[in-house]
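**Q** For reference, the structure I am asking about is given below.
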Amino acid sequence: MALCKNIGYNTMRMPNLLGHESPADTIQQSASWLPLLARECHPDARIFLCSLFAPVTVISPCRSLCESVQDSCAPIMSCYGYPWPDILHCDQYPVDHLMCISSITNTTAHTGGMPQASCRDCELEEASSSKETLETFCRNDFVVKLRLTRLEYSPVSLSRFSLTVKLDVLKHGPLLGGQIRSRIELWLERDATCVKNMTRHHPEGGTFLVTGKVQGEHLVINKAYAWQKRDKNLMAAARKWKHHRCRS
């Protein structure tokens with residue numbers, strides 16, 4: 001199950017704590033939470049959700065764990081029109097004691113602080129100048145030009161778009177050449193909110209240039225541009241990049 005991949009165990013109890021009777025039902029229902037995890041709204045969000053979707057025992061999460069995850073993740077959900085579901089109401093979970101699953105992260109000491117909700121992740125922008133765009137390329141781990149095409153709706157797929165065959169990799173950073181496509185495909189599948197913002201005015205897909213950081217197995221897109229000739233600054237930056245030398 002993708003939601004709980006690499007969580008540290010490979011068995012689960014049925015029915016789970018959400019009342020799902022079969023693994024197939026659990027996998028289908030859990031998939032809707034993958035885009036939220038891609039936003040990395042809380043370091044313990046995966047542990048909280050997996051304690052409900054794929055429990056090893058009947059021990060439930062502690063109320064404080066639920067409240068901490070809700071405080072960080074509910075605002076991000078609301079950005080996209082989704083309320084915190086009643087089925088996860090925190091009052092149903094026990095006050096902290098030895099027989100519930102508590103948070104493993106000290107959120108006050110969590111590196112970088114807790115993320116803030118944003119409804120503008122991956123909003124398309126125009127390059128303000130070729131110089132500034134080149135500096136953006138330098139600051140990021142990867143720069144990729146890609147083309148997305150719209151898929152027919154499928155209830156088993158989160159993504160509404162697919163990659164065309166060719167990727168134009170301007171910068172691959174720490175990624176090996178063969179890793180680029182698989183990581184982009186994983187981002188496309190998991191980060192539905194980012195893709196939605198990129199394609200809001202391109203419902204059938206289009207060509208985009210994206211930049212971002214590599215975080216473990218994941219790519220975090222932080223800049224996205226529509227590839228179009230009228231964006232002369234972007235075109236100029238892409239032409240100059242091959243011979244550009246970043247300042248250390």
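**Q** Setting aside same-chain residues fewer than 8 positions from K242, which aspartates and glutamates have a Cα under 17 Å from its Cα?
**A** E132, E135, D141, D168
**Q** Take the alpha carbon gyration tensor of segment 130-241, find the square roots of its eigenvalues, order them as a ≥ b ≥ c, and report rounded if a/c is under 1.5; if not, report prolate when a/b exceeds b/c, else oblate.
**A** oblate
**Q** Within the chain, what is the longest stretch that has no trypsin sites (Lys or Arg not before Pro) placed in a DSSP loop and near at most 15 other beta-carbon atoms within 10 Å?
**A** Formally, the longest exposed-site-free interval is 14-119.
**Q** Roughly what angle does helix 130-139 make with the longest principal axis of the chain, taking Cα atoms, 0 to 90 degrees, to the nearest 10?
**A** So the helix axis and the longest Cα principal axis differ by about 40 degrees.
**Q** Which of the lysines could a cross-linker bridge to K196, judged by Cα under 20 Å and excluding same-chain residues fewer than eight apart?
**A** K145, K213, K223
**Q** Expressed as an acute angle from 0 to 90° and rounded to the nearest 10, what is the orientation of the C-alpha long axis of helix 63-79 relative to the principal long axis of the chain?
**A** 40 degrees
**Q** Give the order of S68, S60 when sorted by the count of other beta carbons within 10 angstrom, beginning with the fewest.
**A** S60, S68
**Q** Limiting things to C-alpha atoms, what are the Rg and the maximum Cα-Cα separation (Dmax) for the chain, in angstroms?
**A** 20.2, 61
**Q** At most 16 other Cβ atoms within 10 Å and a DSSP loop assignment: could you name the GluC sites (Glu not before Pro) in segment 175-248 that fit?
**A** E204, E217
**Q** Let me ask something else. Strictly over 25 Å apart at the Cα level, which of K131/K171; K5/K166; K171/K229 would you flag in this model?
**A** Long pairs (Cα-Cα over 25 Å): K5/K166.
**Q** Quick check: residue separation of D141 and H201 times 0.36 nm, minus the Cα distance between them. What number comes out in nm?
**A** 18.9 nm
**Q** Turning to a different aspect of this structure: Taking the Cα atoms only, what angle lies between the long axis of helix 232-241 and the longest principal axis of the chain, rounded to 10 degrees?
**A** Orientation of helix 232-241: about 90 degrees from the principal axis.
**Q** How much length, in nm to one decimal, is gained on full extension between A24 and Y9, taken as 0.36 nm per residue of separation minus their Cα-Cα distance?
**A** Numbers: separation 15, 0.36 × 15 = 5.40 nm, distance 1.82 nm.
Extra length from A24 to Y9 when fully extended: 3.6 nm.
**Q** Also: Quick check on the chain: helices-only [θ] at 222 nm, where DSSP H runs of length 4 and up contribute -39,500 (n - 2.57) each and the sum goes over total residues. Nearest 500, please.
**A** -9500 deg cm²/dmol
**Q** Still on this structure, I have one more. Going by how many other beta carbons lie within 10 Å of each one, how would you line up M77, M198, fewest first?
**A** So the ranking, lowest neighbour count to highest, is M77, M198.
Taken together, the values in this text are just the output of simple stated rules run on the coordinates, not laboratory data. Given the structure is predicted, the values throughout are model-derived calculations rather than measurements. Every residue, glycine as well, gets a Cβ built from its backbone with ideal geometry; the counts of neighbours run over all protein chains shown.
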